[in-house]
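> Okay, handing you the structure first.
The values are calculated or read from the model by the stated rules, or taken from the named source; none is laboratory data. Note that the structure is predicted; figures quoted are calculated from it, not measured. Glycine also receives a Cβ, built like all others from the backbone with ideal geometry; neighbour counts cover every protein chain displayed.
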Amino acid sequence: MSKEPEKKWIEDQSYEGHGYGLGDQAFLVSFCNASSGSTRYVLRDQPAYTNRSNEPRLTGWCGTNNNVATYIEGAWKVIRIAKSGRYLIQRLDGMELAEFLEEMGYPELMP
């Protein structure tokens, strides 16, 4: 029995200047503010880079600046957009992840 891919709801992405639609795939970056305890999720066409070695990552901590930690959370696909503008996204894995990384120019990030 195969495990269902992880899903998560994130906020409206229109303020980021990119209108992602159903089926669109992107890297998910999170910004965790230590002062307020809040986390903001952003879909992007590029992965996050580490702030010291300047290397792209698929997952993990990438650095902290002004009390805000940046994490890359993998690659995800938009599977639903609610009337409120929130996005339901699903983590990519297997061949779908490999094809996405190749298309985006980051095949070396395949785990």
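> If you scan the stretch 57-80, which residues turn out to be farther than 24 Å from LYS3 by Cβ and surrounded by 17 or more Cβ atoms within 10 Å (Cβ to Cβ)?
CYS62, THR70
> Among what's in the stretch 1-30 and is polar (S, T, N, Q) and surrounded by fewer than 13 Cβ atoms within 10 Å (Cβ to Cβ), pick the residue that is modelled with the lowest pLDDT. Even if it seems obvious, please write down each step before you answer.
Keep residues of the stretch 1-30 that are polar (S, T, N, Q), which gives 2, 13-14, 25, 30.
The next check asks that each one be surrounded by fewer than 13 Cβ atoms within 10 Å (Cβ to Cβ); those that pass are 2, 14.
Working: SER2: 60, SER14: 70.
It comes out as SER2.
> Looking at the stretch 1-34 only, could you name the residues that are among the hydroxyl-bearing types (Ser, Thr, Tyr) and free of Cβ contacts under 8 Å to residues at least 12 places away in the same chain?
Residues of the stretch 1-34 among the hydroxyl-bearing types (Ser, Thr, Tyr): 2, 14-15, 20, 30.
If the condition is that a residue be among the hydroxyl-bearing types (Ser, Thr, Tyr) and free of Cβ contacts under 8 Å to residues at least 12 places away in the same chain, then SER2, TYR15 are the ones that fit.
> Tell me, yes or no, whether the stretch 35-48 has at least one residue that is in a strand (DSSP E or B), in contact with a Lys or Arg (Cβ under 9 Å, 6 or more places away or on another chain), within 24 Å of PRO107 (Cβ to Cβ) and in contact (Cβ under 8 Å) with a residue 12 or more places away in the chain. It would help to see each step written out before you state the result.
Narrowing the stretch 35-48 to residues in a strand (DSSP E or B): 39-44.
Then drop every residue that is not in contact with a Lys or Arg (Cβ under 9 Å, 6 or more places away or on another chain), which leaves 41.
So of that shortlist, the ones also within 24 Å of PRO107 (Cβ to Cβ) come out as none.
Looking through the stretch 35-48, none of the residues is in a strand (DSSP E or B), in contact with a Lys or Arg (Cβ under 9 Å, 6 or more places away or on another chain), within 24 Å of PRO107 (Cβ to Cβ) and in contact (Cβ under 8 Å) with a residue 12 or more places away in the chain.
> Please work out if SER36 is among the polar types (S, T, N, Q) and in contact with a Ser or Thr (Cβ under 9 Å, 6 or more places away or on another chain). Spell out how you get there, then give the answer.
On the way: among the polar types (S, T, N, Q): yes; in contact with a Ser or Thr (Cβ under 9 Å, 6 or more places away or on another chain): no.
So SER36 does not fit the description; no.
> How many residues are in a strand (DSSP E or B) and without any contact (Cβ under 8 Å) to a residue 24 or more places away in the chain if we restrict to the stretch 49-58? So that I can check it myself, show each step before the final result.
Of the stretch 49-58, the ones in a strand (DSSP E or B) are 49, 56.
Still in the running and without any contact (Cβ under 8 Å) to a residue 24 or more places away in the chain: 49.
Of the residues in the stretch 49-58, 1 are in a strand (DSSP E or B) and without any contact (Cβ under 8 Å) to a residue 24 or more places away in the chain.
> In addition: Sort through ARG57, ARG44 and tell me the only one that's touching a Pro at 6+ places or on another chain (Cβ under 9 Å) and either polar (S, T, N, Q) or closer than 19 Å to GLU103 by Cα (or both). Spell out how you get there, then give the answer.
Working: ARG44 fails: touching a Pro at 6+ places or on another chain (Cβ under 9 Å).
On inspection, the qualifying residue turns out to be ARG57.
> Do we have LYS77 as free of Cβ contacts under 8 Å to residues at least 12 places away in the same chain and charged (D, E, K, R) here?
Details: free of Cβ contacts under 8 Å to residues at least 12 places away in the same chain: no; charged (D, E, K, R): yes.
Judged against the criteria, LYS77 is not a match.
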